[in-house]
Amino acid sequence: MTPIALLRHAPLVRAAQFRALTVIASGSSSVTTTAVALPSVSKNKKAPGVLLGMSELDLQQLAVDFGQQKYRGKQLHHLLYKRKAKELQDLSQAGWNVGRSPIHKMVTAADGTIKLLIKLEDNRLVETVGIPVKYDKGSPRLTACVSSQVGCPLRCSFCATGKGGFSRNLKSHEIVEQVLAIEETFNRRVTNVVFMGMGEPMLNLKEVLEAHRCLNQDIQIGQRMITISTVGVPNTIRKLATHKLQSTLAISLHAPNQKLREKIVPSAKSYPLDAIMNDCKHYFLETGRRVSFEYTLLAGVNDAVEHAIELAELIHQWGPGYHVNLIPFNPVEGVEYQRPYMKSILAFSAALESRKVTVSVRQTRGLDASAACGQLRNEFQKTPFVAGTEVEQPELEMAVAS
Ligand code: SF4
């Protein structure tokens with residue numbers, strides 16, 4: 001019989017109210033002990049694993065499995081998601097761990113954007129970015145740009161992550177912990193989450209949806225404040241539509257026609273533009289949520305007014321419910337593309353607006369913090385993705401939710 005549970009987390013001394021538990025406050029030599037012997041978990045219960053990502057109901061069941069009352073699970077929920085506990089010592093002894101990883105590197109840009117490099121259990125590094133906006137229609141906003149994979153197998157021609165190769169999919173708790181790390185770093189709540197960091201979310205849809213559930217229900221970020229971005233993976237947009245989320249779907253389009261798109265996004269060969277547009281229309285009809293088209297402006301490649309006109313025609317062909325988000329290219333080491341001049345950006349935007357396409361130009365944030373997706377990780381971790389080392393082959397088989 002093992003005495004359980006304990007927290008190595010200063011503010012958690014109050015968890016001594018959790019009378020069944022022994023509480024250890026970090027940085028303190030004092031140990032509050034309430035001796036409680038817990039029965040072992042019965043054999044048919046959930047195998048020990050990671051606590052982060054578990055719902056309140058799951059945690060209540062866990063408490064019951066440990067012979068405790070259900071409300072202990074509610075307390076655990078509070079500790080994980082509100083108090084952001086990093087260690088529950090005796091639960092660790094029982095084989096459970098919280099699922100939080102250390103910050104390997106933090107880079108702050110002049111505009112307040114902070115990029116974190118998180119070191120996962122297997123030493124893989126994953127990027128996450130916190131983007132603060134002081135006043136957005138009166139209320140401060142903090143956006144977490146989260147990764148869904150370590151690296152990415154899709155190799156879009158303008159992307160640092162694609163150049164670094166692919167290692168593995170992230171687990172849902174490894175996505176959720178990015179948001180908690182941003183909240184801790186900024187010492188305030190994340191208001192928006194965008195799945196626009198490393199990786200293609202639709203190649204890891206099952207874990208992305210589990211993370212989405214946790215972010216929405218446990219961390220209480222509104223579904224409308226969450227954006228899932230994709231370059232397009234066949235069958236997954238319709239799969240996502242069946243979940244009828246109130247989140248925004250963002251399609252990384254980058255070109256107004258198939259031929260040009262294939263040059264910029266090689267994976268586009270397997271998913272014709274018409275098929276993507278058809279699936280986006282379906283998504284809009286199923287969810288009522290407007291689809292956003294992300295369009296990275298590359299000087300001399302896709303930024304001519306003719307491209308804007310073609311894009312407007314494409315969008316009108318497929319009906320209402322679309323928005324275009326123009327993203328002036330962020331320079332990436334080893335990539336030849338250039339950022340267009342402001343004059344070209346404005347002309348492109350005006351050509352869309354005059355054709356009644358709603359458009360915004362994304363403000364570039366954190367340029368000096370290696371802000372382009374994948375850049376920071378590439379600085380610190382090259383070897384796992386270099387040929388001849390422990391490279392895992394891209395796993396293009398999709399882990400989509402049923
Ligand atoms: S842009 Fe996105 S999908 Fe394309 S290589 Fe980069 S991370 Fe992957």
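Of note:
- The stretch 117-196: GluC sites (Glu not before Pro) in DSSP coil with no more than 13 other Cβ atoms inside 10 Å: 121
- Loop-located chymotrypsin sites (Phe, Trp or Tyr not before Pro) in the stretch 292-347, at most 13 other Cβ atoms within 10 Å (DSSP): 341
- Karplus-derived 3J(HN,Hα) values for the stretch 61-67, using 6.51 cos²θ - 1.76 cosθ + 1.60 with θ = phi - 60°, are 5, 4, 4, 4, 4, 8, x Hz; glycine and proline are entered as x.
- Size of the stretch 265-349 as Cα extents on the principal axes (Å, biggest first): 39, 28, 20
- Residue 104 long-range amide H proximity, modeled H, under 5 Å: 117, 118, 119
- In this structure, the pairs whose alpha-carbon distance is over 18 Å, taken from 163/239; 119/171; 163/259; 244/281; 163/263, are 163/239; 163/259.
- Taking a Cβ cut-off of under 12 Å around residue 248, the surrounding Lys, Arg, Asp and Glu residues balance to a net charge of +2, with basic ones at +1 and acidic ones at -1.
- Summing +1 for each Lys or Arg and -1 for each Asp or Glu among the other residues whose beta-carbon sits under 13 angstrom from that of residue 263 gives +2.
- Along each principal axis, Cα extent of the stretch 195-271, largest first, Å: 43, 20, 19
- Residues whose amide H falls under 5 Å from that of residue 361, counting only those 5 or more places apart or on a different chain, are 326, with hydrogens built in the peptide plane.
- Space enclosed by the convex hull of the alpha-carbon atoms of the stretch 281-321, per residue, Å³: 64
- Amide H to amide H, with H built 1.01 Å from N, residue 231 comes under 5 Å of 252, counting only residues 5 or more places away or on other chains.
- Per-residue Cβ neighbour counts within 10 Å put 122, 218, 58 in the sequence 122, 58, 218, beginning with the fewest.
- Phi angles of the stretch 195-202 translate, via the Karplus equation with coefficients 6.51, -1.76, 1.60 and θ = phi - 60°, into HN-Hα couplings of 7, 10, x, 5, x, 9, x, 6 Hz per residue; Gly and Pro are given as x.
- Trypsin sites (Lys or Arg not before Pro) restricted to the stretch 183-244 and DSSP loop, no more than 13 other C-beta within 10 Å: 188, 189, 244
A short reminder: the numbers here are calculations on the coordinates, not readings from a lab. The model shown is predicted, which means the values in this text are computed figures rather than measured ones. Every residue, glycine among them, receives a Cβ derived from its backbone with ideal geometry; neighbour counts consider all protein chains shown.
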